[in-house]
Amino acid sequence: MSDLKVTLIQSQLYWEDIAANLRMFDEKINAIPERTEVIVLPEMFSTGFSMESEKLAETMDGSAVQWMKQKAAEKNVIITGSLIIKDGDNYLNRLIWMQPNGVYGVYDKRHLFGYAGEHEHYLPGDKRLIAQVKGWKINLTVCYDLRFPVWARNAFVPETGAPAYDVLINVANWPERRNVAWKTLLQARAIENQCYVIGVNRVGNDGNEIYHSGDSSLIDAMGAIVYQKAHDQDTFTYTLQRSHLDEVRSKLPFLKDADKFQLF
C-alpha cells in the first residue's frame, strides 16, 4: 500500500461571503507548489461558523459544491471541508469528500455545538463516513465531534485483520479560548486509535468577534506532533507514511485488546 500526500490549508474566512471565500481558496489551491492528493479545508469554509442557515445554505447543486467539483477535477485531487447545506427541508453542517471524477461522499456533523445554539439551526447526522483512497481508510469528522471519543473509536476488524480506519480528519472553527482542548484532543485521538490525525482549523476573528488561533495539526500514530501552526495563515503538505503506521500497529497491537461495544 502506497504513501498518501495531504495538504492542510489554515486560513482566515470572509464572514458569510461565499463568493469571496471560494475566490480565496481557489487562489490558495493554485499556489500549492507541489503535487498533492488530498486537500483539507476548515469547517464551513465558504461562510464561517454562522447560524444564519436559512440565509446562507446552498443545495448540493450550489456554487460551493460546484466549485469543489470543478477544482478537484482541475487539480486531479480530493478536496474536503464542510459547508452549510439545505437538503429537503433540513439544514446541515455537511462535510463533503469530493473526488476528481465528481463522485463525492458526505458526512453530516453528528455532535452539534449546543453552547452556540448550533442544534437550533442544523439537523445532526447519524452515520460515519469512512472514505478510501489508495488503500487508506479515512474517518471524517467536524469540529465538536472531536470531544466525543466513542464516535471516533477505531475498531480492529478480525475479518480484515486491520483497524477500521487509518486517518482521522477533523475540520473546525475552534476558538482560541479553548485551544488547549483542541490540541490535546487531537493527540489523544491519534494515540487511542493508532492512526494519523489531521485537524484543520481557521484563524482570525469571525463575525461575532471570536478569535481563532488555528493550531491546525498533523499528528502521527504515536501521538507525535508532525505539524502545528498557530495564528498565521498557512498551507502545509506532508506525505503520510504507510510504513510508519504499519510498524506502530504491528509492534504495539493495542487495538486488538480494546473493549467491544455498539453505538445506538
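Can you spot the aspartates and glutamates whose alpha carbon is less than 16 Å from Lys229's alpha carbon? Ignore those fewer than 8 places along the same chain. Here the aspartates and glutamates satisfying the reach criterion relative to Lys229 are Glu176, Asp215, Asp220. For the set Lys75/Lys109; Lys134/Lys183; Lys5/Lys134; Lys28/Lys75; Lys55/Lys183, the pairs lying more than 21 angstrom apart at their alpha carbons are Lys75/Lys109; Lys134/Lys183; Lys55/Lys183.
Cβ-Cβ distance of Ala20 and Lys251, R₀ of 51 Å, FRET efficiency by 1/(1 + (r/R0)^6): the value works out to about 0.60.
Close amide-amide hydrogen proximity is noted between Arg110 and Gly125, Val142, each under 5 Å apart and 5 or more residues distant or on a separate chain (H modeled in the peptide plane; Pro and chain starts excluded).
Given the options Tyr122, Tyr238, Tyr144, state which has the largest fluctuation in a GNM of the chain using a 10 Å cut-off (strictly under) for Cα springs. Ranking Tyr122, Tyr238, Tyr144 by mean-square fluctuation puts Tyr238 first. For the range 18-36 and the range 42-98, what is the separation of their Cα centres, given in Å? When both Cα centres are located, 15 Å separates them. Take every DSSP beta bridge whose two residues both sit in the chain; close to 70 percent of them are antiparallel. Cross-link partners for Lys260 among the lysines, with Cα-Cα distance under 23 Å and sequence neighbours closer than 8 places in the same chain left out: Lys127, Lys137, Lys251. Rg over Rh for the range 4-257 works out to 0.94, using Cα positions for both radii and the Kirkwood form for Rh.
In debye, nearest 20: dipole of the chain around its Cα centre with unit charges on the Cβ of K, R (+) and D, E (-)?
Values: 29 positive and 34 negative charges, 150 e Å.
That gives the chain a dipole magnitude of about 720 debye.
Each label point was placed 7 Å from the Cα along the Cα-to-Cβ direction; for Asp259 and His231 their separation is 4.2 nm. Pick out which of Glu37, Glu16, Glu74 has the largest mean-square fluctuation in a Gaussian network model of the chain, springs linking Cα atoms closer than 10 Å. Result: Glu74 has the largest fluctuation of those listed. Using θ = phi - 60° in the Karplus curve 6.51 cos²θ - 1.76 cosθ + 1.60, the 3J(HN,Hα) couplings for the range 139-148 round to 8, 9, 9, 10, 6, 4, 3, 4, 6, 10 Hz; x is entered for Gly and Pro. The angle between the Cα long axis of helix 18-30 and the main principal axis of the chain comes to about 50°, on a 0 to 90 degree scale.
Residues whose amide H falls under 5 Å from that of Tyr227, counting only those 5 or more places apart or on a different chain, are Leu218, with hydrogens built in the peptide plane. Here Lys71 is the anchor, and the aspartates and glutamates within straight C-alpha reach of less than 12 Å, apart from those fewer than 8 places off in the same chain, are Asp26, Glu27.
Near Phe45, the amide H atoms lying under 5 Å from its own belong to Ser82; only residues 5 or more places off or on other chains count, and H is placed 1.01 Å from N. Of all the options Asn193, Asn205, Asn30, the one that moves most in a Gaussian network model of the chain with Cα springs shorter than 10 angstrom is Asn30. Computed from phi, the 3J(HN,Hα) profile of the range 109-124 under the Karplus parametrisation 6.51, -1.76, 1.60 (θ = phi - 60°) reads 3, 7, 9, 8, 7, x, 4, 9, x, 4, 5, 7, 10, 9, 9, x Hz, with x in place of Gly and Pro. Residue-wise HN-Hα couplings along the range 176-184, as the Karplus relation 6.51 cos²θ - 1.76 cosθ + 1.60 with θ = phi - 60° gives them from phi, are 4, 4, 10, 6, 4, 4, 3, 5, 5 Hz; Gly and Pro carry x.
FYI, it's all coordinate maths here, none of it is from the lab. Just so we're clear, the structure is a prediction, and the values are computed from it rather than from any experiment. Positions of Cβ are backbone-derived with ideal geometry, glycine not excepted, and every protein chain shown enters the neighbour counts.
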